[in-house]
Every structure is written in structure tokens, then in C-alpha cells.
Amino acid sequence: MEKIKIDCNRGVVAVQDPSSGEVDFTYKEGCCKLRDYNYLKGVPDQTAKDLFEVRFKNTRKDIYRNASGQNVALGDMVIVEAATGCDLGIVTLEGPLVAKQMKLKGISPDNEFKRIYRKAKQSDVEKWQEAISREQSTMIQARRIAAEMGLEMKIGDVEFQGDGSKAIFYYIADGRVDFRQLIKVFAEEFGVRIEMKQIGARQEAGLIGGIGVCGRELCCARHISHFKSISTAAARVQDLSLNPQKLAGQCGKLKCCLNYEVPAYKDASTRIPRVQEPLEFKDGLAYLRKTDILAETMYFSYDKNSDANLYPLAASEVMEIIRMNRRGVKPESLKGEQDVVVREFVDAVGDDSISRFDTPKRRGRGSRRKSKKTKR
């Protein structure tokens, strides 16, 4: 039986043949973090003819020029140029969409790009897998060394280069960290070239990945590549409860999705009047209790401290009533024109019992006889 292993960090599937023992690696597109759907596949474009997007571990990607003379296609594992030595990556994008990605990132086609040397051989893949197998143990050992040296930093991930000659240590720190001595210790301990990269809490969540409270993959791991600042003003605009536990994501920062609907709420808020005083009617004062911003509906009550009986009014109607009150005119009443919204309270006692999912047990004859005796 074939042994299948999925590496979601790099987007590959490893299938081992039990008879020969050889392992075949293939590209798994749906497993890629920050993957791009090539909706321009097959469309000819000469601006990015020899340019390809190559992906490495987690969210690290770059544009490379094919200088191998080989036909490189989507999903191919290729050996690429690195600062020192060479690296192994997977081609994740080709064709005209590469040019669009370059335009989005501000990369000119006239720039000097690193080269794709050739397609990866079986020996290259084996060396790559051998380097990958060292990452977990290296990260644990690196964390122990940093703690012993008293450095206020957290090593979140380790990525080995394809040829195993270099390792990238991703770390998180609140302030500036002097890790010059740490690099020397790491180089002696692991026998490779060391590169330190500082990342934030959001980037760490994107590297690790996970499932959000919405039940979907984290946005930072799925599609967000540029992290914008998020403030509590985004929650206030949407009239959300300022509860830190609900507004914070798995990274401990404010959720990125708070920014998604802010423009729609700001646009709708321009059509909602500011009610600083209660509305005056002939049968009393009506107090604003809540506002549905997107529906542009405002709910009023004659009781200042109760939401028992609410009367909905459109934002345009509220503007007109405010103008009438400024002229000294009072409308008749809310009760005759609007349908009252009464909150219904449902008794949910017993609904939270987990035993309601169990199949009721049938009573045997013995239990019936005992019940009859007790009745007598």
C-alpha cells in the first residue's frame, strides 16, 4: 500500500512506493498558503515569458527567470539561485499573471532576477528532504539556546535552504535584540550559515496557519500578503462590542477582517443623522435605543431605560422629524404609524443538555414490574 504524506508548509504530497521505496513528490495546489488562482492560464503574454513565481516554505515567494533552457511549468520542482549555494522551490505561477503580480508589488520587468538553474533531480529532492527533517529539532534547540543566553525573543520557525547549507530563523521580539553572539553559537551548533529574520505576531500566525472562529483558514495564511494597521476605530464604526476576547485573533492582535466592511459602514453612516436629543412627539419623548447602520434604520422607545417596545424609523424619516422639532412642530405619535418591535424571550431550559442527542433506552420487563410494585 502506498504511503502518502502531505506537507502543507511547502504544498507538496509525498507518495512512497512500498516495493521500490522511492518517494515521488508532487505539487498540491490547494495546500498552498497565499496561493494565486491563475485565471489567465493559456493567455499568451510576452512580457513575462521566461519569468516564474517560485514558492518555498510557508509564505516565502519570489520571481525567477528561467535560464535553464528547459520547459518549466506550473508545479515543477526547480533548483534556483540563492545568495549562497542553491535552493529548491516549486513553481506556483506562470504566464501573464506573473506580470500582474510584479505590477502589484512594484517590480519592473527590467530588473535583474535570480535564475532557475534546472529542474530538480531525485538526488536534489532527497537532500532537500534531509534538510527539512532537521527543522523541528533545530527550532527546539535554538529556543533553548536563546533562553539560556537570556535574550527576550521567540523563535517561531526555522527554514533550511534546499542544499542544507543555510538556515533562516524567524523570530519575534518586542524590542531590539543583539543576536551577534547568538549567531556564532548557532553556527557552531548547527554547522550551517545563519540568517535571522524578525517577524510580527500577524506574520507568525500566517507562517503557522490555523482555523479562525469563522471556521475558515486564517486570512493571514490564505491571502493577505500586506498587513495594514488595524485600530479599535474600525470596531466602533461597525458598532461592535469592544470586547478584546472577541475582537482579537489567534495572534493576539485585532482581527484583520475588522477592516473588510469598514468602507461600507462609513458610507452608510453618512446617511444616518446624529441624534443628540430625544425626538419630540405629542404623546411624549422618543429616545434612540439602537441603530442598524447598513439597513439605515433607527429604533426609538418612549421608555429611556428599556428596550421592551421599540419603534423603527428610517434614517430619512428621523432627519425630517428633527427638522420639524427645530421649527417647533411635533408629530402625532410613533405608535400609530409604526409597528412596535417586541422582544420575545424564549425559555431555553433543557436545550443545552447534551443527553438530547442520545437514543432513549427501552425499559425492560423487569423495570415495568418494579414500577408496578412501587405503585401498589
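So E126 passes all but one of these: (1) touching a Ser or Thr at 6+ places or on another chain (Cβ under 6 Å); (2) in a helix (DSSP H, G or I); (3) acidic (D, E). Which condition number does it fail? Evaluating E126 over (1) touching a Ser or Thr at 6+ places or on another chain (Cβ under 6 Å); (2) in a helix (DSSP H, G or I); (3) acidic (D, E) leaves (1) as the failure. Among the residues of the stretch 218-242, those identified as open to solvent by 60 Å² or more (accessible area, probe 1.4 Å), out of contact with any Leu (no Cβ under 9 Å at 6 or more places or on another chain) and farther than 26 Å from I155 by Cα are D239, L242. The lone criterion from (1) assigned to a helix (DSSP H, G or I); (2) within 27 Å of A73 (Cα to Cα) left unmet by I116 is number (1).
For every residue, the table says whether it meets (1) of a type in the set (A, V, I, L, M, F, W, C); (2) over 27 Å from E195 (Cα atoms); (3) open to solvent by less than 20 Å² (accessible area, probe 1.4 Å).
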site	(1), (2), (3)
D24	no, yes, no
E29	no, yes, no
Y37	no, yes, no
K41	no, yes, no
E53	no, no, yes
D62	no, no, no
R65	no, no, no
L74	yes, yes, no
M77	yes, no, no
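Selection over the stretch 282-306 of residues that are open to solvent by less than 50 Å² (accessible area, probe 1.4 Å) and within 26 Å of A268 (Cβ to Cβ) gives a count of 8. Looking at the structure I just gave you, is R202 crowded, with 16+ Cβ neighbours inside 10 Å, more than 30 Å from N309 (Cα to Cα) and not β-branched (V, I, T)? So R202 fits the description; yes. Taken together, the criteria place K119 among residues that are touching an Asp or Glu at 6+ places or on another chain (Cβ under 8 Å) and surrounded by fewer than 19 Cβ atoms within 10 Å (Cβ to Cβ). Taking the listed residues G210, G215, the one that is surrounded by 13 or more Cβ atoms within 10 Å (Cβ to Cβ), on the phi > 0 side of the Ramachandran plot and of a type in the set (G, A, S) is G210, with no other qualifying. Taken over the stretch 133-180, the criterion of being closer than 23 Å to T84 by Cβ, open to solvent by 70 Å² or more (accessible area, probe 1.4 Å) and either touching a helix residue (DSSP H, G or I) at 6+ places or on another chain (Cβ under 9 Å) or in a loop (DSSP other than H, G, I, E, B) (or both) is satisfied by S133, R134.
The values are calculated or read from the model by the stated rules, or taken from the named source; none is laboratory data. For clarity, every value in this text was computed on a predicted model and none was experimentally measured. Every residue, glycine among them, receives a Cβ derived from its backbone with ideal geometry; neighbour counts consider all protein chains shown. Protein only, heavy atoms only, side chains kept; ligands, DNA and RNA dropped before computing areas. Shrake-Rupley method; radii C 1.70, N 1.55, O 1.52, S 1.80 Å.
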